[in-house]
Amino acid sequence: MANIKSAKKRILVNQAKADRNKAVRSGVKTAIKKVYAAIATGDKAAATAELSAATKVIEMAGSKGVYHKNNVAHKVSRIAKAVNEMA
């Protein structure tokens, strides 16, 4: 453990940020899973609704700095393509 007060604070702040980022990443994964689950059921309307919700969650994560903007674009593009390819 650090001895300097500022170093102790850094440890606490970094842990809080790591926990917040982990929660955001978990939410993104859940949103993506919901999109793929809706695709698996074959319900285009539900898949489109889940796509909209997932896109919002992913882009919010990008705006908070959890994901790089190119990673955000990749994730959104991949799920949008999956929804658009539904029969």
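The values are calculated or read from the model by the stated rules, or taken from the named source; none is laboratory data. Source: prediction; values computed, not measured. Protein only, heavy atoms only, side chains kept; ligands, DNA and RNA dropped before computing areas. Shrake-Rupley method; radii C 1.70, N 1.55, O 1.52, S 1.80 Å.
Side notes on the structure shown:
- The chain, accessible area per residue, ligands and nucleic acids excluded (1.4 Å, Å²): 71
- In the chain, Rg over Rh equals 1.20, where Rg is the alpha-carbon radius of gyration and Rh the Kirkwood radius from pairwise Cα distances.
- 0 to 90° range, to nearest 10: angle between helix 44-63 axis and the chain longest Cα axis: 20
- Integer Hz, Karplus 6.51/-1.76/1.60 couplings in order for the stretch 8-22, x for Gly and Pro: 5, 5, 4, 4, 5, 5, 5, 5, 5, 5, 5, 5, 5, 5, 5
- Difference of contour (0.36 nm per residue) and Cα-Cα distance, Asn71 to Val13: 18.4 nm
- Each residue of the stretch 71-84 was assigned a 3J(HN,Hα) from its phi angle through the Karplus expression (A = 6.51, B = -1.76, C = 1.60, θ = phi - 60°), giving 5, 4, 4, 5, 5, 5, 4, 5, 6, 5, 5, 4, 5, 5 Hz with x at Gly and Pro.
- Portion, in percent, of the accessible area of the chain that falls on carbon or sulfur, probe 1.4 Å: 57
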